[in-house]
1. For the pair R656 and E635, what calculated FRET efficiency results from E = 1/(1 + (r/R0)^6), where r is the Cβ-Cβ distance and R0 = 25 Å, to the nearest 0.05?
2. Let me check something: with ligands and nucleic acids excluded, how do V520, V86 order by accessible area (1.4 Å probe), largest to smallest?
3. So, R0 is 30 Å and r is the distance between the beta-carbons of K666 and A432; what FRET efficiency does that work out to, to 0.05?
4. At a 1.4 Å probe radius, carbon and sulfur cover how many percent of the accessible area of segment 18-168?
5. So, with +1 on the Cβ of K and R and -1 on the Cβ of D and E, and no other charges, what is the size of the charge dipole of segment 564-622 about its Cα centre, to the nearest 20 debye?
6. How much length is gained on full extension from S626 to A307, taking 0.36 nm per residue of separation minus their Cα-Cα distance?
7. What does the accessible area of H654 come to, in Å² to the nearest 10, when a probe of 1.4 Å is used?
8. Which of K515/K691; K288/K482; K177/K206; K87/K133; K189/K570 have a Cα-Cα distance over 21 Å?
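The values are calculated or read from the model by the stated rules, or taken from the named source; none is laboratory data. No experiment lies behind these values; they were computed from the predicted model shown. Cβ placement follows ideal geometry from the backbone for every residue including glycine, while neighbour counts extend to all protein chains displayed. In case anyone asks, the SASA skips ligands and DNA or RNA and just uses the protein heavy atoms, side chains included. Shrake-Rupley method; radii C 1.70, N 1.55, O 1.52, S 1.80 Å.
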Amino acid sequence: MGGKYSSLDPMEIEVPEIDTLLSRDPYLKPYEREIRRRYGCFKDLLDSIEENGGGLDNFTQGYKYYGIHVQPDNSIVCREWAPGAVKLFLTGEFNGWNRDSHPYQKKEYGKWELIIPPNRDGSCAISHLSELKVVVETQSGSKEDRLSPYATYVVEPPKVEGTIYKHKFWNPPSSEKYIFRHAKPSRPKSLRIYECHVGIATSELKVGSYDNFTENILPRIVKQGYNAIQLMAIMEHAYYASFGYQVTSFYAVSSRYGTPEELKRLVDRAHELGLTVLLDLVHSHASKNVMDGLNQFDGTDSCFFHAGGRGEHSLWDSRLFNYQEFEVMRFLLSNIRWYMEEYQFDGFRFDGVTSMLYHSRGIGQGFSGNYDDYFGLGVDTEGVIYLMLANHVAHTFNNDAITIAEDVSGMPGTCRPTSEGCLGFDYRLAMAIPDKWIKLLKHYSDEDWNIGNIVHTLTNRRWMEANIAYAESHDQALVGDKTIAFWLMDKEMYTHMSTLSDSSPIIERGIALHKMIRFVTHALGGEAYLNFIGNEFGHPEWLDFPRAGNNSSYHYARRQWNLVDDDMLKYKFLNAWDAAVNHAEEKFGWLRAPPAYVSWKHEDDKVIAFERAGLLFLFNFHPTKSFPDYKLGFEGEGEYYVALCSDNVEFGGHGRIDTSIHNFTKPESYCGRRNSIQVYIPSRTAIVLAKI
């Protein structure tokens, strides 16, 4: 990629903690040269930022340089980066939409600048909420309207005015600016994430608001025992049904939910309640929109993106960033800093990491686990180095920042520090787990579940690289797919979820397995846990955003809280179990404990037993068999009580276990453990034993 380190023999490049990496995984030794080469590229870019970008601190505050800014004397400085443009103008309500009266001056390296003096009375020439457009004269001579890439507030127009979003200058008076009042909570040792979407977080037939979320949803999340929220679809996206993944304005928070100040209040209130706040960050691609997106901003096919085929994602129908371009790096790295400082986000879930890491974009590429896949020519070095830089920035400016990779490939070192020559994430999503549960529910009867394979999927992760376990993804909630609750119970949910209705074997099975599947994932699957909004109580219907195919209906673009709040419906049982599990984790801390030791996995009995955080976890997945005195090996010793039991009546179970009865270990080694214990395990029940 060019630079002092890139010109060296990779084996001469010093990686501060590479020995730690190689001693932990000796199989990486043959790839040491490539790991060192990547680190050299990373160091070269850091040096370039120091030498040419004014240092990392200055470079990552590009939002203070670019965009439209009011100065202390009420003059306005406007700057853009448009290397392919012939001329640039600013137009809007402030100048009667004159497209020629306010030209930018061309500067070096594709930069443009315009200074607008204050009005004669000293007031600002552009008023708060005044509409603006950047006019770009292209190389063909045409003049095209664009939105500033650094616009901080854009809004959907009235239907009679079309669909192109409008840039509204956000500069409220001091009295209307939200001031953060509450300190950030300490970084959770056990991360329990509630993934949520502000727009659907209402039972009403409309788009939910930041204020509704602040007042009504945050208290629910805290009551459920989650300690972090992950906000989806915050970066502005013109197409609501994209779930926020076709971003059009990267510095603007979605106006369909309210104003920037209302989002700040949401984050501040979350902090007051002890919640860590994560942003679903989309830096893997951008919307193809031209009139209200980044695409062709300067009139060329490139600018922020690669030109030609390399700049297009064929499956997502979107544009791919050129991570080697200096101003693109400034734009994206400053975007991270912007959300950390302007909105006080505590970390990020990076979307589409697999697409960033490989030239294939992950399309049609199977990842076998062979290390050649991760260190060969198929890897996109530019994407790798950008992610290293992004993590470096997040952790440099907030020591407690949390970064999460959405990567299906399993690249070694994804969740190890950049000082080891790795990507620097704190967690990766364990994406194989929800796929496993859906495969089982779709294709196998309960009797044919392979217990060993389930355990393998839940425990198959790299040593000392933290995973976030989740039983079902937000994609499964979308129309065309099904959540776990729907796979289990389907249409029966419409007729037999009342506590007064006749007994239904389908509902009984569904409630029992819903609790067990989510709990075994929680306890065995990773070092953190994630739940998508509504899944905790088995939300009965899919998610379908308003579109032409459903007559622009909001019927399915919401969460029906009334169902879980109704004491006569069985959703309350799933909700209560979810809360009990989270509160038990807070007490016992299995997520922050080392990975579990699985002492028992029996195919015929369908029983799984494992130890973690000094607890004994028992799962009987058998559809009909209960075991009165099931013998298990256990390293612990002494007297144990039932700390959690999914069969309790308050969780919709049959109450077959007397939780007042304690269990005692015997000093008889069994199954490779020092002691043994005998436990009553009813069918389709999960139990946790804790020491008195």
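1. The calculated FRET efficiency here is 0.40.
2. Details: V520 0, V86 65 Å².
Per-residue accessible area, sorted high to low, gives V86, V520.
3. 0.20
4. 48 percent
5. Working: 7 positive and 10 negative charges, 44 e Å.
It works out to roughly 220 debye.
6. On the way: separation 319, 0.36 × 319 = 114.84 nm, distance 6.29 nm.
The span from S626 to A307 would gain 108.5 nm if fully extended.
7. 110 Å²
8. Pairs exceeding the cut-off: K515/K691; K288/K482; K177/K206; K189/K570.
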